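The values are calculated or read from the model by the stated rules, or taken from the named source; none is laboratory data. Since this is a predicted model, take the numbers as computed values, not measurements. Using ideal geometry, Cβ is built from the backbone for each residue, glycine included, and neighbour counts are taken over all protein chains shown. These accessible areas exclude ligands, DNA and RNA; they are computed on the full protein's heavy atoms, side chains included. Shrake-Rupley method; radii C 1.70, N 1.55, O 1.52, S 1.80 Å.
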Amino acid sequence: MFAFRFIGAANAASVRGVVTDISGARVKGATVALLNKGQVTGSAVSGADGSYQILTGLTGRFFIVVSAKNFRQLETPGFYAGRLDSIERNMVLEPAWVRESIVVTATGTPTPQAQTSSATSVLGAVDLATRDDMVSALRLMPGTASVQIGQRGSQGSLFIRGGDSDDNKVLVDGVSAGDLGGRFDFGTHTTTGVERAEVYRGPNSNLYGADAASGVVSLTTPRGTTSFPSLFLAADGGNFYTSHEEAQLAGSYNKFDYLGAFSWFQTDNDLPNDQYHVATSAGNFGWQPNGTTQIRGTVHWGVSSVGVPNAWNFYHVTDEATQKDQDLYVGGSIDNQTTADFHNFVRYGLARKREQFSLWTQSGSGDFDAFGDSLGYPVTITGANGYSTSGQAVLDYAQTYPFQDQLVSNRDDVVYQGTYRFTPHLSALAGFRFEDERGVQNVPSYATHDVTERTNYDYLAGVQGDFKGRFFYTLGGSLQHYSLFGVQTSPRAGVTYYALKPRHGVFSGTRVLFNFGDAVREPTLTDENGSLYRFLEQNGDQAIAAQLHIGPLAAPTVRTYEGGFEQAFLRQRIIFRTSYFHNQFGKQIEYVGGRLLPDLVPGLTPDEQQELIDALGFYYTNDYGLTVNTQAFRAQGVEATVEGGIGANIFLRGGYTYLDAVVQHSFNSDNEALAGGFAPTYNGIPIGAISPLTGARPFRRPPHTGFFTATYATSKVAVQFASAFVSRSDDSTYLEYADANGGNSLLLPNRNLDYGFAKLDLGGSYQFYSWLSLYGQADNLTNDQHIAPLGYPSLPMNFRAGLKVALGKGSR
């Protein structure tokens with residue numbers, strides 16, 4: 001009998017692991033169930049050390065469901081196990097009343113959020129369920145400002161902790177998705193094929209290379225889980241002639257899982273010439289040849305077109321213009337658990353991005369200035385600061401039409417990452433990244449066709465671990481070589497310490513944290529093409545550039561310090577977090593007027609200055625700008641969030657951020673004008689027409705932001721109320737030399753020019769049958785017209801409602 005049992009165990013798959021809470025403490029008495037095809041095929045109860053083991057003689061796809069008192073029931077993603085496989089699945093249980101998360105962007109490996117010092121927030125399926133765009137969803141994060149220049153489909157930018165919108169690394173299933181230099185338009189990125197959005201706030205170039213200067217945004221596609229094909233069909237409609245249709249097919253079979261999704265969204269918006277439509281396709285396909293190896297491929301393909309009516313409130317007439325985008329992201333990865341302690345991962349990523357702007361004809365009111373430029377109608381512009389001005393603004397300049405600008409960003413990259421666990425309390429990570437980037441900017445009207453290719457690679461390494469489940473740390477760094485700006489290093493360190501470990505009682509857990517990091521950003525394609533070095537190079541003045549030591553643009557840098565603490569109350573029913581951050585941004589890129597450039601290059605003799613003046617020629621005479629690394633600013637502030645649950649069905653979450661950002665050094669054309677005594681002013685108040693003046697705030701980064709969400713969910717009903725609050729922020733009308741007389745009378749003081757707003761949204765669904773549900777979403781319930789920057793009226797209150805049908809085994 002003993003021999004029979006031994007032979008049976010030797011021919012059975014083993015699933016084992018350790019059950020812990022979010023702080024790493026072992027959980028005793030948790031029930032662990034192993035499911036195959038919806039049936040429990042084995043179970044175990046975790047021991048005093050939190051360990052469990054389940055043997056099964058079956059082969060196929062499995063799920064693990066874990067439950068324990070005072071914890072939320074946890075279901076793992078599906079996995080394949082062969083008859084002789086030994087599978088390790090360590091389980092982290094969350095408190096029943098709050099939503100902690102397993103995060104990846106902070107350390108590069110899945111880590112419970114409570115064991116990292118990083119500032120990371122996660123939007124899950126509930127947060128994204130009825131939304132169709134990412135811009136509104138990203139407002140529900142601390143430390144961020146999500147700005148959209150117009151209505152649906154218009155350009156959407158994300159500013160994290162005071163950094164520029166180009167300072168963020170955006171990943172789609174791990175694939176780098178930004179343009180060359182980090183620019184990313186969230187305005188046309190839908191929630192189709194997005195199960196989870198993870199936002200890391202802080203520099204992380206040591207893991208993700210250049211562009212992860214202010215933060216990382218990671219979007220994840222869901223996987224097929226059911227053992228049968230599941231088909232979901234949804235259709236809805238709303239005001240402004242809005243319609244939306246979506247289909248998703250997902251499932252798994254033996255070693256293979258699959259998901260494919262497609263959506264179509266269109267609307268007229270609320271302005272003339274502002275129609276928008278977008279088609280989005282997404283796929284996620286995985287194959288597990290055995291229990292330790294997984295091969296996966298993902299794809300996202302978006303095609304969009306939107307009108308670009310311009311700033312309606314400045315003209316009261318719209319441009320005949322369109323913006324078209326085609327964005328393709330493809331990833332292929334191999335994930336192998338080589339031994340119980342050694343994990344290897346390789347990913348290939350492909351990005352193909354095309355952007356075409358077309359201004360088809362000259363528009364306007366019928367009035368023209370002395371140069372033949374068309375004017376808008378007479379308007380009065382009033383800022384949130386109470387200042388106002390009246391006049392007619394130049395809408396379109398006298399030039400050949402159509403005017404077109406085409407931008408191409410292509411990227412291929414390969415990433416390797418290996419992780420070795422020395423002990424349960426210490427692991428190390430090492431990796432390598434190579435990328436080949438190609439960019440094209442084509443402006444036929446100006447006879448320009450700029451092409452660039454960048455070959456970049458970096459080495460990365462780090463360690464993470466803990467001491468006695470109380471002190472957790474992460475140390476890492478990278479050595480980066482970028483063809484555009486040379487070699488850089490990016491260290492990062494983070495520690496968190498549990499002064500009071502999670503327990504019962506009013507004060508049920510206290511931890512403190514600290515972070516430090518350096519990061520760099522790669523210049524954008526337009527930065528590179530408009531640089532002083534590129535100008536000299538393209539005009540045959542390489543010798544002058546070499547003689548005067550004028551090189552390519554350097555990498556903008558950031559250094560950050562952060563400290564904070566987290567306090568749990570009432571057995572972790574409520575969690576409060578707060579932190580102070582200080583970011584220093586250096587070598588920032590700005591356009592500097594040609595007349596000032598000879599004075600900026602250090603150590604030039606009068607003869608060398610004259611050589612540079614002669615080389616600049618037209619740019620010096622007309623004082624046109626070229627890009628150089630001459631700006632610096634700092635951004636410091638405080639973030640605070642609180643979240644908690646009421647019973648099993650209600651979850652509340654809110655946050656507030658105070659940001660104090662100021663420009664410390666700048667040589668842009670506005671500051672040059674100040675030095676020359678002819679700066680644009682408003683009743684004696686100096687104005688930064690195209691960028692902020694020294695001592696002022698960076699544009700479109702409000703000092704006060706906040707959010708509040710409330711979610712109610714049962715088996716039949718799900719409702720989410722979401723609100724975002726933003727204070728006034730600095731900005732410009734950008735109408736420099738753009739009034740009817742070629743003057744600056746339509747400029748207003750920058751301070752608090754943009755209005756603050758409160759955006760209130762409500763979404764929900766009701767499950768009539770297992771196969772049929774009704775859902776709806778209403779945005780901007782207060783009809784606030786000032787959610788976009790000054791000049792751009794926001795979309796008024798808008799709503800959609802529709803039906804969702806689920807077809808598949810068990811749906812009837």
Check your understanding: With each run of n ≥ 4 DSSP H residues scored as -39500 (n - 2.57), what mean residue ellipticity at 222 nm is computed for the chain after dividing by its residue count and rounding to the nearest 500 deg cm²/dmol?
Key -> -2000 deg cm²/dmol
Check your understanding: Given charges of +1 on the Cβ of Lys and Arg and -1 on the Cβ of Asp and Glu, with all other atoms neutral, how large is the dipole of segment 120-211 about its Cα centre, in debye to the nearest 20?
Key -> 220 debye
Check your understanding: Taking LYS169 as the anchor, which lysines have their alpha carbon closer than 20 Å to its alpha carbon, excluding any fewer than eight residues away along the same chain?
Key -> LYS353, LYS587
Review point. Measuring with a 1.4 Å probe in the full set of protein chains, what accessible area per residue, in whole Å², belongs to the chain?
Key: 40 Å²
Exercise for review: Could you compute the FRET efficiency for ALA461 and MET797, with r as their C-beta to C-beta distance and R0 at 45 Å, rounded to 0.05?
Suggested key: 0.30
Review point. Got a number for carbon plus sulfur as a percent of segment 184-335's accessible area, 1.4 Å probe?
Key: 60 percent
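Would you work out the charge dipole size for segment 410-463 about its Cα centre, treating the Cβ of every Lys and Arg as +1 and the Cβ of every Asp and Glu as -1, and quote it to the nearest 20 debye?
With only Lys, Arg, Asp and Glu charged at Cβ, the dipole is about 280 debye.
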Review point. How far apart, in nm, are the 7 Å Cα→Cβ label points at VAL65 and LEU500?
Key: 3.6 nm
**Study point:** Shape call, the chain: gyration tensor on alpha carbons, a/c limit 1.5
**Key:** prolate
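Once you charge only the Cβ atoms, +1 for Lys and Arg and -1 for Asp and Glu, what is the size of the charge dipole of the chain about its Cα centre, to the nearest 20 debye?
5080 debye
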Check your understanding: What are the ³J(HN,Hα) values, in whole Hz, obtained from phi via the Karplus relation 6.51 cos²θ - 1.76 cosθ + 1.60 with θ = phi - 60°, for each residue of segment 480-489 in sequence order, with x given for Gly and Pro?
Key -> 10, 10, 10, 5, 7, 10, x, 9, 9, 10
Study note, to complete from the structure: Protection proxy (average C-beta count within 10 Å per residue), highest first, orders 791-803, 168-180 as 168-180, 791-803
Review point. Lys/Arg Cβ at +1, Asp/Glu Cβ at -1, dipole of the chain taken about the Cα centre: which of TYR200, ALA33, GLY469 is farthest positive-ward?
Key: ALA33
Revision key, fill the gap. For segment 183-297, shape from the Cα gyration tensor axes a ≥ b ≥ c, cut at a/c of 1.5 then a/b versus b/c, turns out oblate
Exercise for review: Pairs of Cα atoms under 8 Å, at least six residues apart: use those to get the relative contact order of segment 151-193, whole percent.
Suggested key: 44 percent
Check your understanding: Rounded to a whole number, what is D in µm²/s for segment 707-812 from Stokes-Einstein with the Kirkwood radius over alpha-carbon pairs (25 °C, 0.890 mPa s)?
Key -> 143 µm²/s
Review point. So how far, in whole Å, is the C-alpha centre of segment 602-664 from the one of segment 445-483?
Key: 21 Å
Practice item. Could you please state, rounded to a whole Å, how far the C-alpha centre of segment 507-523 is from the C-alpha centre of segment 119-143? Key: 21 Å
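Where both partners of a DSSP beta bridge lie in the chain, what percent of those bridges are antiparallel, to the nearest 5? The partial results should precede the final answer.
Values: 326 of 338 bridges.
Among the beta bridges of the chain, antiparallel pairing accounts for roughly 95 percent.
Using Cα pairs closer than 8 Å and at least 6 residues apart in sequence, work out the relative contact order for the chain, in percent.
Over the chain, the number comes to 11 percent.
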